[in-house]
Amino acid sequence: MDFVATLWNAGSFALGYLVPFLFVLTVVVFVHELGHFLVGRWCGVDVKVFSIGFGRELFGFNDKHGTRWRFAAIPLGGYVKFSGDADAASAGTDSAELQGMTALQRERSFPAQSVGERAAIVAAGPIANFLLAILIFGATVYVFGKQVLIPRVDQVVAGSAAERGGLQPGDLVLSIDGKPIGAFADMQRAISARPNETLSIVVERANGTVTLPVTPALVEQNTPLGKQRIGVLGVQASRQASDWKTQHFGLLESARVGVSETWYVVERTYDYLAKLVSGRESVDQLSGPIRIAQVSGMVASNGGLLGLINLAAVLSVSIGLMNLFPVPMLDGGHLLFYAVEALRGRPLSERAQEIGFRVGLGLVLMLMLFVTWNDILHVRSLL
């Protein structure tokens, strides 16, 4: 019976956590690498390998251009290997391969391209991630519309920041620091990002408008991704069914919503990093594969396929941003090298690039170890 129970638990874990996690990660990684691939092909570069995952190949095929499309055993990432690349990370040039090429093959290698073309190929991965997020967010509201609760205050918690600031039940929030507020969720977003800051909140009250200076309180709350420090007013949303409405968007409006939602994720990410550096945020929120798998399972259980697709949009933005950090081994590190090359008129020496890639590899490995340890501590705290 113990053996059967163990198998059952393992199967439940795979279906509940691993399958949703791998679905989300595979979509995001595929789109990222597809960006590199398509721009590389557009620039006339031969592509040797398009891999989802690392390590031993599980299955794959060759296309008519000679590219090997493969799925590998370790599904935590992927890569595109261009002709002339030293390795999957494009960390240098394969001189031996270049020497054995014909003149035409050499022209179609990655190192033979101009610095602008190489930069475009590298930048295409993160850009594809942002475009994926815009597409998902925009398509979601275009197809399903958006459920909106108007920003009406139903109750004010005694002793809260809202009470101290003068908010009253029945107030309809019109703007915060000059920014129009059209939904209760918009108000929550504006407040949560600015704890301990005095905000100018304009409300509609008794057929007139009132401007109130309100300072959201700083509250630390536990989330699946760790502890978050957010601003809280202390109000409850309206409970009237009539205050709910469904907004429908045209094609251009949906695209605007997609851009807006993607930019919001970017803003919140950089805001968190800035506060992390200044000591106003905790490293507890830095997450790795374990916690992402946990969140994927929770989203799949509660939000179904649509929830997972929206999670893929958020994760796509995060991966796009992470890859733009100016760290060798990441896309941003390559772009940094190309910027230096454009300014100097010649690339850095192979020795300098090798040292840079080694340092970058060390930083990436340390980050992976740290977030994995963070994940383990988080999971242990839930047991």
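Looking for whichever is in contact with a helix residue (DSSP H, G or I) (Cβ under 7 Å, 6 or more places away or on another chain), at pLDDT 85 or above and part of a helix (DSSP H, G or I) here; the options are Gly362, Gly332, Gly307. Which one fits?
Residue meeting the stated conditions: Gly332.
For Leu324, all conditions in the list (1) modelled with pLDDT of 80 or more; (2) farther than 29 Å from Ile134 by Cα; (3) buried (at least 18 other Cβ atoms within 10 Å of the Cβ) hold save one; what is the number of the exception?
(2)
Rundown of residues vs (1) open to solvent by 30 Å² or more (accessible area, probe 1.4 Å); (2) without any contact (Cβ under 8 Å) to a residue 40 or more places away in the chain; (3) in contact with a strand residue (DSSP E or B) (Cβ under 7 Å, 6 or more places away or on another chain), yes/no style:
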| position | (1), (2), (3) |
| --- | --- |
| Val80 | no, no, yes |
| Glu97 | yes, yes, no |
| Ser114 | yes, yes, no |
| Val141 | no, no, no |
| Gln147 | yes, no, yes |
| Gln168 | yes, yes, yes |
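Which residues, taken from the range 309-321, are surrounded by fewer than 21 Cβ atoms within 10 Å (Cβ to Cβ) and more than 8 Å from the chain's Cα centre (by Cα)?
Ile309, Asn310, listed by residue number.
In a loop (DSSP other than H, G, I, E, B), in contact with a strand residue (DSSP E or B) (Cβ under 8 Å, 6 or more places away or on another chain) and at pLDDT below 90: is that true of Arg239 in this structure?
yes
Please verify whether Ala193 is over 30 Å from the mean Cα position of the chain (by Cα) and aliphatic (A, V, I, L, M), treating the condition exactly as stated.
The answer is no for Ala193.
Scan the range 1-59 residue by residue and report those that are open to solvent by 80 Å² or more (accessible area, probe 1.4 Å), at pLDDT 90 or above and over 17 Å from Ala72 (Cβ atoms).
Selection gives Leu38, Trp42.
Within the set of pairs 6+ apart or on separate chains, which have a first residue in the range 185-213 that is more than 25 Å from Lys245 (Cα to Cα), a second that is of a type outside the set (A, V, I, L, M, F, W, C) and buried (at least 18 other Cβ atoms within 10 Å of the Cβ), and C-beta atoms under 6 Å apart?
Hits for this filter: Arg194/Gly231; Pro195/Pro216; Pro195/Gly231; Leu212/Gly165.
For the range 313-329, how many residues are of a type outside the set (A, V, I, L, M) and in a helix (DSSP H, G or I)?
Residues in the range 313-329 being of a type outside the set (A, V, I, L, M) and in a helix (DSSP H, G or I): 4 in total.
So Phe82 clears everything in (1) in contact with a Gly (Cβ under 7 Å, 6 or more places away or on another chain); (2) at pLDDT below 90 except one condition, right? Which one?
(2)
Go through the range 186-217 and give me each residue that's assigned to a strand (DSSP E or B) and among the hydroxyl-bearing types (Ser, Thr, Tyr).
The answer is Ser200, Thr209, Thr211.
Condition first: at pLDDT 70 or above and out of contact with any helix residue (DSSP H, G or I) (no Cβ under 9 Å at 6 or more places or on another chain). Can you find one or more residues in the range 247-262 that meet it?
Yes, the conditions are met somewhere in the range 247-262.
The values are calculated or read from the model by the stated rules, or taken from the named source; none is laboratory data. Only a predicted model underlies this, so the values are computations on that prediction, with no experimental measurement involved. Neighbour counts are summed over all protein chains in view; Cβ atoms, including those assigned to glycine, are modelled from backbone coordinates with ideal geometry. Heavy atoms of the whole protein, side chains included, go into the accessibility calculation; ligands, DNA and RNA do not. Shrake-Rupley method; radii C 1.70, N 1.55, O 1.52, S 1.80 Å.
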